[in-house]
Amino acid sequence: MPGYWIVKGGEIRDQAAYGEYAKRWGPVAERFGARILNAGGRLDAREGAWGRAVVVEFPSFEQAVACYEDEEYQTALPFARKAYERDLAILEGA
């Protein structure tokens, strides 16, 4: 079963940090077979405060977890947190 990162985030407040995160995220994503399904597209938030949403698909739930825990990803993560406020959940697909 596929795994997904569901990222709920605010508006980007630091473009330089976001660019650095994106540069570092690319190779990690490729290694773990990640595929971005939605990144900042149209969003109709019916409940709660949403600035933007990102959905990333992985070949499996285990790959999604391993990617997040990966040492190289962990070095990229501070740039994401500096770029925008965010919440991330890992979800197993059906």
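The values are calculated or read from the model by the stated rules, or taken from the named source; none is laboratory data. Model, not experiment: these values are computed from the prediction. Neighbour counts run over all protein chains shown; Cβ positions are idealised from the backbone, glycine included.
For region 82-94, enumerate the residues that are surrounded by 12 or more Cβ atoms within 10 Å (Cβ to Cβ) and not in a loop (DSSP other than H, G, I, E, B).
Listed by number, the residues that qualify are Lys82, Ala83, Arg86, Leu88, Ile90, Leu91, Glu92.
Residue check: is Tyr68 surrounded by 15 or more Cβ atoms within 10 Å (Cβ to Cβ), farther than 16 Å from Tyr4 by Cβ and either under 14 Å from the mean Cα position of the chain (by Cα) or charged (D, E, K, R) (or both)?
For Tyr68, the condition - surrounded by 15 or more Cβ atoms within 10 Å (Cβ to Cβ), farther than 16 Å from Tyr4 by Cβ and either under 14 Å from the mean Cα position of the chain (by Cα) or charged (D, E, K, R) (or both) - is not met.
Looking for something in a strand (DSSP E or B), of a type outside the set (D, E, K, R), touching a Lys or Arg at 6+ places or on another chain (Cβ under 8 Å) and touching a residue at least 12 places away in the same chain (Cβ under 8 Å) - is there at least one such residue anywhere in region 29-37?
No, region 29-37 contains no residue that is in a strand (DSSP E or B), of a type outside the set (D, E, K, R), touching a Lys or Arg at 6+ places or on another chain (Cβ under 8 Å) and touching a residue at least 12 places away in the same chain (Cβ under 8 Å).
If you take the residues in region 13-27 that are touching a residue at least 24 places away in the same chain (Cβ under 8 Å) and of a type in the set (D, E, K, R), which one is surrounded by the fewest Cβ atoms within 10 Å (Cβ to Cβ)?
The qualifying residue surrounded by the fewest Cβ atoms within 10 Å (Cβ to Cβ) is Arg13.
Only one residue in Ala80, Ala17 is at pLDDT 95 or above and touching a strand residue (DSSP E or B) at 6+ places or on another chain (Cβ under 7 Å). Which one?
Going through Ala80, Ala17 in turn, the sole match is Ala80.
Looking at Ala45, Ala39 in this structure, which one is of a type in the set (Gly, Ala, Ser) and over 11 Å from the mean Cα position of the chain (by Cα)?
Of the residues listed, the single one that is of a type in the set (Gly, Ala, Ser) and over 11 Å from the mean Cα position of the chain (by Cα) is Ala45.
Given the criteria exposed (fewer than 14 other Cβ atoms within 10 Å of the Cβ), within 21 Å of Gly93 (Cα to Cα) and out of contact with any helix residue (DSSP H, G or I) (no Cβ under 9 Å at 6 or more places or on another chain), does Glu30 qualify?
For Glu30, the condition - exposed (fewer than 14 other Cβ atoms within 10 Å of the Cβ), within 21 Å of Gly93 (Cα to Cα) and out of contact with any helix residue (DSSP H, G or I) (no Cβ under 9 Å at 6 or more places or on another chain) - is met.
The rows are residues; the columns are (1) outside any strand (DSSP E or B); (2) surrounded by 12 or more Cβ atoms within 10 Å (Cβ to Cβ); (3) at pLDDT 95 or above.
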residue	(1), (2), (3)
Trp5	no, yes, yes
Glu11	yes, no, no
Arg42	yes, no, no
Trp50	yes, yes, no
Gln63	yes, yes, yes
Ala76	yes, yes, yes
